[in-house]
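Peer 1: I am attaching a structure below and will ask some questions about it afterwards.
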Amino acid sequence: MILQNVVPWGRNFEEYKAMFSLNTTDLSSSILGCADGPSSFNAEATKKNISVISFDPIFQFTKNEIKQRILDTAETVMKEVEQNKGTYIWKNISSVNELKNVRILAMTKFLEDYEAGKKEGRYIEGSLPNLPFEKKSFNLVLCSHFLFLYSEHLDLDFHLNAVLEMCSVGNEVRIFPLLDLKGNRSEYLKPLTEHLKKAGYQYKVEIVDYEFQKGGNEMLRIKSIK
């Protein structure tokens with residue numbers, strides 16, 4: 001990974017709860033977050049005594065390197081959001097300025113926790129589809145704003161391998177959203193779920209109580225039935 005190619009963007013604990021329909025039972029189990037980036041989910045969960053491991057290639061960089069990259073890219077991201085305001089639902093977040101404040105706060109919480117979290121083994125460097133964990137190490141594996149979203153950049157084989165690897169290390173996998181960057185449901189969803197069914201997994205597309213990208217209120221839930 002080249003840091004100059006990365007656009008860090010982090011979401012917070014409450015957003016994760018809504019995106020993945022996390023209930024009290026979910027939050028009392030062991031959780032792996034794949035492609036968490038600079039979200040504050042881990043930091044906030046840890047303060048609540050919730051067990052979370054975050055896995056992302058950005059964790060190869062130092063706190064100051066990630067912080068500088070956030071500073072370098074934040075305004076560009078905001079300009080793009082402003083230009084495409086019509087593709088978002090401004091309900092829980094009412095304006096572009098509020099969105100910036102919410103995201104910067106989440107990433108600040110991440111940065112404040114990052115060095116301690118690395119020492120404690122809560123932030124682990126690596127990239128899907130290769131997860132350095134034992135089989136069924138986690139009760140729940142989450143993937144936010146990575147799979148399906150980057151369908152133009154990551155092919156179907158990558159998606160299949162990543163999902164099967166997540167299923168290998170977790171009892172249940174949840175992926176959000178199911179849209180690509182253009183706001184369309186990913187073309188990979190149907191062939192991927194067909195493959196999962198043949199491989200002995202059960203899956204369900206669920207509506208969640210979160211929608212910022214228009215139409216982006218669906219989560220894929222996967223469990224093994226072997």
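The values are calculated or read from the model by the stated rules, or taken from the named source; none is laboratory data. This one's a predicted model, so the numbers in the text were calculated from it and none came from an experiment. As a convention, Cβ positions derive from the backbone with ideal geometry for all residues, glycine included, and neighbour counts pool all protein chains shown.
Peer 1: Say we look at segment 72-102 and pick out the residues that are in a helix (DSSP H, G or I) and among the β-branched types (Val, Ile, Thr); which of these is farthest from residue 40 (Cα to Cα)? Give the derivation first.
Peer 2: Step one: filter segment 72-102 for residues in a helix (DSSP H, G or I), giving 72-83, 85-87, 96-102.
Still in the list and also among the β-branched types (Val, Ile, Thr): 73, 76-77, 81, 87, 96, 102.
Values: 73: 18, 76: 21, 77: 19, 81: 21, 87: 25, 96: 20, 102: 11 Å.
Here the answer is 87.
Yes or no, residue by residue, for (1) touching a helix residue (DSSP H, G or I) at 6+ places or on another chain (Cβ under 9 Å); (2) surrounded by fewer than 19 Cβ atoms within 10 Å (Cβ to Cβ); (3) modelled with pLDDT of 95 or more; (4) assigned to a helix (DSSP H, G or I):
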residue: 11; (1), (2), (3), (4): yes, no, yes, no
residue: 14; (1), (2), (3), (4): yes, yes, yes, yes
residue: 21; (1), (2), (3), (4): no, yes, yes, no
residue: 25; (1), (2), (3), (4): no, yes, yes, yes
residue: 36; (1), (2), (3), (4): yes, no, yes, no
residue: 39; (1), (2), (3), (4): yes, no, yes, no
residue: 43; (1), (2), (3), (4): yes, no, yes, yes
residue: 49; (1), (2), (3), (4): no, yes, yes, no
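Peer 1: Same structure, new question: Out of 169, 163, report the one residue that is of a type in the set (A, V, I, L, M, F, W, C), closer than 18 Å to residue 34 by Cβ, at pLDDT 95 or above and more than 16 Å from the chain's Cα centre (by Cα).
Peer 2: Details: 163 fails: more than 16 Å from the chain's Cα centre (by Cα).
Among 169, 163, only 169 is of a type in the set (A, V, I, L, M, F, W, C), closer than 18 Å to residue 34 by Cβ, at pLDDT 95 or above and more than 16 Å from the chain's Cα centre (by Cα).
Peer 1: In segment 103-117, what residues are surrounded by 14 or more Cβ atoms within 10 Å (Cβ to Cβ) and within 14 Å of residue 44 (Cβ to Cβ)?
Peer 2: The initial filter retains those residues of segment 103-117 that are surrounded by 14 or more Cβ atoms within 10 Å (Cβ to Cβ), namely 103-104, 106-111, 113-114, 117.
Correct list: 106, 107, 108, 109, 110, 111, 113, 114, 117.
Peer 1: Looking only at segment 117-147, which residues are farther than 16 Å from residue 37 by Cβ and of a type in the set (Phe, Trp, Tyr)?
Peer 2: Once the filter is applied, which keeps residues that are farther than 16 Å from residue 37 by Cβ and of a type in the set (Phe, Trp, Tyr), segment 117-147 yields 133, 138.
Peer 1: If you don't mind, another one. Could you please find all residues in segment 51-71 being outside any helix (DSSP H, G or I), touching a strand residue (DSSP E or B) at 6+ places or on another chain (Cβ under 7 Å) and either without any contact (Cβ under 8 Å) to a residue 40 or more places away in the chain or not β-branched (Val, Ile, Thr) (or both)?
Peer 2: Looking only at segment 51-71, we keep the residues that are outside any helix (DSSP H, G or I), and these are 51-56, 61-62.
Subset that is touching a strand residue (DSSP E or B) at 6+ places or on another chain (Cβ under 7 Å): 51-55.
Within segment 51-71, 51, 54, 55 meet the criteria.
Peer 1: Quick check on this structure: which one of 182, 214, 197 is under 29 Å from residue 84 (Cα atoms), touching a strand residue (DSSP E or B) at 6+ places or on another chain (Cβ under 8 Å) and among the basic types (Lys, Arg)?
Peer 2: Values: 182 fails: touching a strand residue (DSSP E or B) at 6+ places or on another chain (Cβ under 8 Å); 197 fails: under 29 Å from residue 84 (Cα atoms).
Of the residues listed, the single one that is under 29 Å from residue 84 (Cα atoms), touching a strand residue (DSSP E or B) at 6+ places or on another chain (Cβ under 8 Å) and among the basic types (Lys, Arg) is 214.
Peer 1: Okay, next question. Identify, from the list 152, 120, 134, 115, the residue that is of a type in the set (Asp, Glu) and at pLDDT below 95.
Peer 2: Numbers: 120 fails: at pLDDT below 95; 134 fails: at pLDDT below 95; 115 fails: at pLDDT below 95.
Exactly one of 152, 120, 134, 115 is of a type in the set (Asp, Glu) and at pLDDT below 95, namely 152.
Peer 1: Then there's this: Show the residue pairs meeting these rules: Cβ distance below 8 Å; 6+ apart or different chains; first residue within segment 158-169 and β-branched (Val, Ile, Thr); second residue in a helix (DSSP H, G or I).
Peer 2: What qualifies is 163/192; 163/196.
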